[in-house]
1. Taking interchain pairs and intrachain pairs at least six residues apart, which have beta carbon atoms under 9 angstrom, with the first residue in region 48-59 and in the same structural domain as residue 22 (by TED's automatic domain parsing) and the second in a loop (DSSP other than H, G, I, E, B)?
2. Checking residue 145 against (1) surrounded by fewer than 19 Cβ atoms within 10 Å (Cβ to Cβ); (2) over 25 Å from residue 249 (Cβ atoms); (3) touching a residue at least 40 places away in the same chain (Cβ under 8 Å), which single condition isn't satisfied?
3. If we keep just the residues of region 261-290 that are assigned to a strand (DSSP E or B) and under 20 Å from the mean Cα position of the chain (by Cα), which is farthest from residue 155 (Cα to Cα)?
4. Please tell me if residue 294 is in contact with a strand residue (DSSP E or B) (Cβ under 9 Å, 6 or more places away or on another chain), assigned by TED's automatic domain parsing to the domain that holds residue 108 and either closer than 23 Å to residue 167 by Cα or not in a loop (DSSP other than H, G, I, E, B) (or both).
5. Can you pull out every residue in region 58-87 that is closer than 19 Å to residue 279 by Cβ and modelled with pLDDT of 80 or more?
6. Tell me, which residue of region 149-171 that is at pLDDT 95 or above and under 10 Å from the mean Cα position of the chain (by Cα) is surrounded by the fewest Cβ atoms within 10 Å (Cβ to Cβ)?
7. Restricted to region 110-119, and to residues that are at pLDDT 95 or above and in contact with a strand residue (DSSP E or B) (Cβ under 9 Å, 6 or more places away or on another chain), which residue is surrounded by the fewest Cβ atoms within 10 Å (Cβ to Cβ)?
């Protein structure tokens, strides 16, 4: 306890903001303080830890090794103090928190709109910061404390990552009506002969569709590979392209009346779309509220 007598606990809040934002002005905004006040806090922290903590590199501020080592212990300590001082009954309407989420534009289209409406209605003091990353990057960011919650597919998460299914997805094919039979879809042979769109963050990704094909010793011609779910459907009208995609990504076709959906001509296993978080967050009341909100907003009636 002796070390606690040597530091103003308010400096720990400043330290958390500085380590998170890696920018004095943004940290000041986060803390609702002036930039000179936060600069003064940084000077005090540098003296206390005998380390510069933030250094300029390549035109931006980065954390020193000492600062990086402080990130997780500091986050855990502040969460513990927050839980200690918080009222025993969690009140979503009065909470003041900022959560960092990572999700694709698929989830941004399916889950985010109802979630934002729910949060604005029930917990307007809860802010959401959204980013996008690969599965491996999301898991690393959860472990490092850079993310609070990640949405995606996590078949084999590390032991310290908790996972919960939000909903089950299946696949559907989509193409311009002009390049499809009058009725029905395509045979497997016809489907393989056609050029395809693949949705992936990396061009060399092996998604569920590629895995299903590989298991049968088959390959398809990938004419376009892109990471943008929202743009993929717009590539189909007037082309011979086929899009095989998670069914919820398609949505109503009233804006694309030239398109038709049909069943894939081979069995592609569905998947569970999930939310993942580090186990250290499990008992955080505000985090638990957000997880339940995501579960509620992921159901079909909320889409």
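1. Hits for this filter: 48/7; 51/64; 52/64; 53/64; 54/22; 54/23; 54/64; 55/64.
2. If we test residue 145 against (1) surrounded by fewer than 19 Cβ atoms within 10 Å (Cβ to Cβ); (2) over 25 Å from residue 249 (Cβ atoms); (3) touching a residue at least 40 places away in the same chain (Cβ under 8 Å), just (1) comes out false.
3. First pass over region 261-290, keeping only residues assigned to a strand (DSSP E or B): 261-262, 271-278.
Imposing the further condition that a residue be under 20 Å from the mean Cα position of the chain (by Cα) reduces the set to 271-278.
On the way: 271: 9, 272: 9, 273: 10, 274: 9, 275: 12, 276: 11, 277: 14, 278: 15 Å.
Top of the filtered list is 278.
4. On the way: in contact with a strand residue (DSSP E or B) (Cβ under 9 Å, 6 or more places away or on another chain): yes; assigned by TED's automatic domain parsing to the domain that holds residue 108: yes; either closer than 23 Å to residue 167 by Cα or not in a loop (DSSP other than H, G, I, E, B) (or both): yes.
Answer is yes for this residue.
5. Those that are closer than 19 Å to residue 279 by Cβ and modelled with pLDDT of 80 or more: 71, 72, 73, 74, 75, 76, 77, 78.
6. Here the residue is 149.
7. Across region 110-119, the extreme among qualifying residues is 116.
The values are calculated or read from the model by the stated rules, or taken from the named source; none is laboratory data. Bear in mind the structure is a predicted one, so any value in this text is a computation, not a measurement. Ideal geometry is used to build each Cβ from the backbone, glycine not excepted, and the neighbour counts take in all protein chains shown.
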